[in-house]
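To keep things clear, I will list the structure first and then write my remarks on it.
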Amino acid sequence: VWGPVERLVLGSAGDPTVRFIGSGGGTLTALGQFLLSSGRVKFVLHVAASRSMPMRTERKLSFDAASVLDGAGSRYGPAATLVDFNDILDRGEPFALIAKPCDITAVRNLARLDPRVDEHMRYALAFVCGGASDLT
């Protein structure tokens, strides 16, 4: 199911706040923050709770560590992370994507057709997905 494994590592965020707020020990949140603060990317594309309907999820661009933390926590299920992905690529800036494994796969497939993906998406980070939840 998972394919070959070369190495399995257990980790968590070093910052206790990130570790507590983020799911899975805040690892992806901490990595997103690091990529921004180190200048490796200009922004992180991820999801966060909708401000108007918190049970829903919306696409988010974060340009600083605090904004990445605002999107921390489990946001499984219906989330249109890639709703405007062409516009993201049109920005022409290096970015990181934090998304569900199926979203990462979709973007990797797009890279076969659109060279901007490999040019601008420097990091693709995925978590173990809990599947789709029912919000009705």
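The values are calculated or read from the model by the stated rules, or taken from the named source; none is laboratory data. All values derive from a computational prediction rather than experimental measurement. Because the Cβ atoms are built from the backbone with ideal geometry, glycine has one as well, and the counts that use them run over all protein chains shown.
Descriptive notes on the structure:
- Residue count, segment 5-20 (criterion: more than 16 Å from residue 64 (Cβ to Cβ) and either surrounded by 15 or more Cβ atoms within 10 Å (Cβ to Cβ) or in contact (Cβ under 8 Å) with a residue 12 or more places away in the chain (or both)): 5
- Residues in segment 46-64 that are under 16 Å from residue 79 (Cα atoms) and assigned to a strand (DSSP E or B): 46, 47, 48, 49, 57, 58, 59, 60, 61.
- In segment 2-45, residue modelled with the highest pLDDT [restricted to those that are assigned to a loop (DSSP other than H, G, I, E, B) and on the phi > 0 side of the Ramachandran plot]: 39
- Contacts under 8 angstrom Cβ, first residue in segment 103-114 being under 19 Å from residue 47 (Cα atoms), partner surrounded by 15 or more Cβ atoms within 10 Å (Cβ to Cβ) and aromatic (Phe, Trp, Tyr), 6 or more apart: 107/85
- Within segment 49-66, residues that are within 22 Å of residue 86 (Cα to Cα) reach partners that are surrounded by 15 or more Cβ atoms within 10 Å (Cβ to Cβ) and modelled with pLDDT under 85 with beta carbons closer than 6 Å, at six or more positions or on different chains, in the pairs 57/75; 57/79.
- Qualifying residue in segment 93-101 (condition: farther than 24 Å from residue 17 by Cβ and modelled with pLDDT under 95): yes
- Residue within segment 93-104 that is farther than 23 Å from residue 128 by Cβ and in contact with a His (Cβ under 9 Å, 6 or more places away or on another chain) present: yes
- Test for residue 34: is it surrounded by 11 or more Cβ atoms within 10 Å (Cβ to Cβ) and more than 21 Å from residue 106 (Cα to Cα): yes
- The residues in segment 38-73 that are among the β-branched types (Val, Ile, Thr) and surrounded by fewer than 13 Cβ atoms within 10 Å (Cβ to Cβ) can be counted, and the count is 0.
- Which numbered condition residue 49 misses (of (1) in contact with a strand residue (DSSP E or B) (Cβ under 8 Å, 6 or more places away or on another chain); (2) closer than 18 Å to residue 95 by Cα): (2)
- Pick from segment 103-136, criterion of a type in the set (Asp, Glu) and modelled with pLDDT of 80 or more, ranking: farthest from residue 10 (Cα to Cα): 114
- Leading residue by the ranking (surrounded by the fewest Cβ atoms within 10 Å (Cβ to Cβ)) among those in segment 78-115 that are in contact with a helix residue (DSSP H, G or I) (Cβ under 7 Å, 6 or more places away or on another chain) and part of a strand (DSSP E or B): 95
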